[in-house]
Amino acid sequence: MSTLGKGKSQVIFFGKREIIYDIFRNYVNCHTLSFEGYSDWKLDGVKIPQSPSTYSAIRLYPEVLTFFQKCTPIFSRHYKELFFLDLELRTIALQTLAIFENISKFGSSIAYMGTSGSHHIPSMMFEMACRLLGVPQVFEVQIYDGLALPMVQKNSVEDRLPISSRPFEKFQISSLVHPLDKKFKASVSWVNFHSSYSKAFVVITKSAIRKLLRPKNLWKKHRHISKLSFHGTVTDIKIWFSHLTAISYYRNLQKAHSSSINNILESNSRGKLIPLIVAHFQPESTTFPEGGRLHNHLDIVVELRAKGVIGPIFYKEHPIIFASILGDQLSKSGVSRSKQYYDSLIALGCFFVSDDYNLLHFDTALPITITGSIAIERGVRGLPTVVVGPAWYRGLPGTLTLDQFIDKILTGGNLCRHDQEDSIKFLQQLVNGRLFSLKPLLWAYRKEIEDMEMQEWRFQFHKFICELIDDPPVQINKPNDSLL
């Protein structure tokens, strides 16, 4: 095992990962970046200014502003009052550049993000500051039942890769693969219970009471960005009704399209490939930024049409999209689904397949996912799948890019099954020795973990730290010219 002395490199922490922070600081110099409210950023407890003070930082302003202007999925998901968005984007860009200046003084460093992806604006601000400096960012990509695959990126999710070392215990790939039909049946029975009006009414009422009783200053600790306030009770109700309207409309369309889909499949005697979009649940949450350029299903359909694909496109919703209530809160799936959304898909030539459409057999209708697990479930059965985004399992045998699939359609090419053992071996090679449990980091599981288990987990994480920090240091783009 390699050993590590303090001072060789430095780690900047963002997020609430106190246990990991306590382990890291025993071996390396650690710094903490915290966000406690609008314009209240602190680095090691020292407040960060709202704007940069160097020319080399301020000249990056157009690039940073453009970047945040493309982050609308995050804003629409979390915030209700977007009237001030245009102004706040500029405030956010300036604050990001100030963070960039402050963390540049650490020289060679690594950023530990404490999340699977930047799904909130503060996290995205820190990620952008690290990108500008060339500081690698370590993410905990959760892939199965509380198990995370540490991945490192430098410029964007497109270059995200697993760490090279294997400091953790082996993980059997069979645990990662579950028959889709069993998952679907379990999901449907669960959804039927949680989609009731009475359940939603109770959840909305409880949420409203909690917000009324919450101290006003508590908002400072909830990722609050200036005038962009979070969804309130009225917005929750609007989202819920929009969701119910959309799902009811989708159900009617499924029935209306049933005979057309059967006719299309029966008349497809030449075996022409048909795109089948297997939709994600809450795409603005699970595919942005993880999905890369084409992080929305409508974008994929438009891309197919723009590159010359004609004929029908099938579309299948994620089973959990029919749940308006998840646990004790609204699912917010209504943010990404509406009657207009389905109308747009129809206008682009989409047909909605039934819920029980079999995705685990070889067919001319080839599933397309952004980053979903359907590619794994099919891959280990020797079935091909189109993967649009930079999924953590990128390179899995049997997967195609969207451009490869389009080329097959336009040239009249066919697809064949592959050796399922190739996919299994690929996944084994990818995850074995790299996965670690997130349960010691979650309070809900903390009491269930024995002291010996915790000691073993800490020991394994120590090995991970040593391997991670022993990588060659990164030369960062440090700003050093005073502007003000």
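No lab work stands behind these numbers, since they all come straight from the coordinates. None of these values were measured; they are calculated from a predicted model. Neighbour counts are summed over all protein chains in view; Cβ atoms, including those assigned to glycine, are modelled from backbone coordinates with ideal geometry.
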The convex hull of the Cα atoms of segment 306-438, divided by residue count, gives a volume in Å³ per residue of 143
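Could you order peptides 455-466, 248-259 by the average number of other Cβ atoms within 10 Å of their residues, highest first? All intermediate terms of the calculation are to be shown ahead of the outcome.
Numbers: 455-466: 16.2, 248-259: 14.7.
Result, highest mean first: 455-466, 248-259.
Among 69-79, 406-416, what's the highest-first ranking by average C-beta atoms within 10 angstrom per residue?
Details: 69-79: 17.4, 406-416: 13.4.
Sorting 69-79, 406-416 by mean packing, highest first, produces 69-79, 406-416.
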